[in-house]
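The values are calculated or read from the model by the stated rules, or taken from the named source; none is laboratory data. These numbers were taken from a predicted model, which means no experiment stands behind them. Don't worry about glycine lacking a Cβ; one is built from the backbone with ideal geometry, like all the others, and counts go over all protein chains shown.
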């Protein structure tokens with residue numbers, strides 16, 4: 001959980017924020033206002049898991065004699081599930097999509113999701129994408145970028161250059177030489193010089209072609 005996390009504020013409440021009781025049933029615990037959490041499914045089957053989390057994300061309704069008749073929190077900047085007030089910044093990457101009154105389908109609502117239910121909605125989206133991938137015989141995990149690939153600094157400093165790196169740098173006019181005190185073998189030097197030569201030849205051809213066009217225009 002983020003250290004900057006602010007507990008949700010319930011409009012009209014004069015009491016201090018209190019975490020929901022740990023003895024609540026899992027679905028009620030997930031629907032209640034609180035800190036960001038991951039929903040633990042009862043079932044092992046993806047289709048049943050999808051039904052579970054959709055029930056968690058269904059907008060709360062008012063009831064009269066146990067008969068639901070109207071949405072409780074269908075108001076701007078209110079979480080449609082728990083009623084917490086949340087004003088999302090337009091550039092916030094965690095900003096959830098507009099809630100639908102049946103989660104997967106239906107008309108868009110005026111409310112939003114709080115941080116907790118935004119996180120649960122992402123869990124629902126991941127589950128749905130996993131099911132879709134499996135239906136088409138694909139491995140869903142293969143398309144999830146690792147934390148290492150998302151961090152440009154995680155690969156550490158470069159100690160060697162690939163063919164594409166040498167070609168790209170040489171075409172821009174860079175002269176690539178090993179640092180002082182570090183010698184390269186004859187094969188490595190030959191490999192580097194061939195790539196540099198090809199890149200320089202391509203650069204010369206480009207300059208000659210551009211120069212010919214300029215002369216033709218001046219004439």
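Rundown of residues vs (1) closer than 28 Å to residue 98 by Cα; (2) modelled with pLDDT of 55 or more; (3) in the same structural domain as residue 100 (by TED's automatic domain parsing), yes/no style:
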residue	(1), (2), (3)
117	yes, yes, yes
122	yes, yes, yes
135	yes, yes, yes
150	yes, no, no
154	no, no, no
158	no, yes, no
Of (1) in contact with a strand residue (DSSP E or B) (Cβ under 6 Å, 6 or more places away or on another chain); (2) surrounded by fewer than 16 Cβ atoms within 10 Å (Cβ to Cβ), residue 59 fails just (2)
Would you mind finding the one in 84, 43, 72 that is assigned by TED's automatic domain parsing to the domain that holds residue 133 and surrounded by fewer than 17 Cβ atoms within 10 Å (Cβ to Cβ)?
-> 43
Hey, does the stretch 131-138 have a residue that's in contact with a strand residue (DSSP E or B) (Cβ under 9 Å, 6 or more places away or on another chain) and surrounded by fewer than 20 Cβ atoms within 10 Å (Cβ to Cβ)?
-> no
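Residue-by-condition table, conditions (1) at pLDDT below 85; (2) in the same structural domain as residue 118 (by TED's automatic domain parsing); (3) within 22 Å of residue 122 (Cβ to Cβ):
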position: 20; (1), (2), (3): yes, yes, yes
position: 36; (1), (2), (3): no, yes, yes
position: 64; (1), (2), (3): no, yes, no
position: 95; (1), (2), (3): no, yes, yes
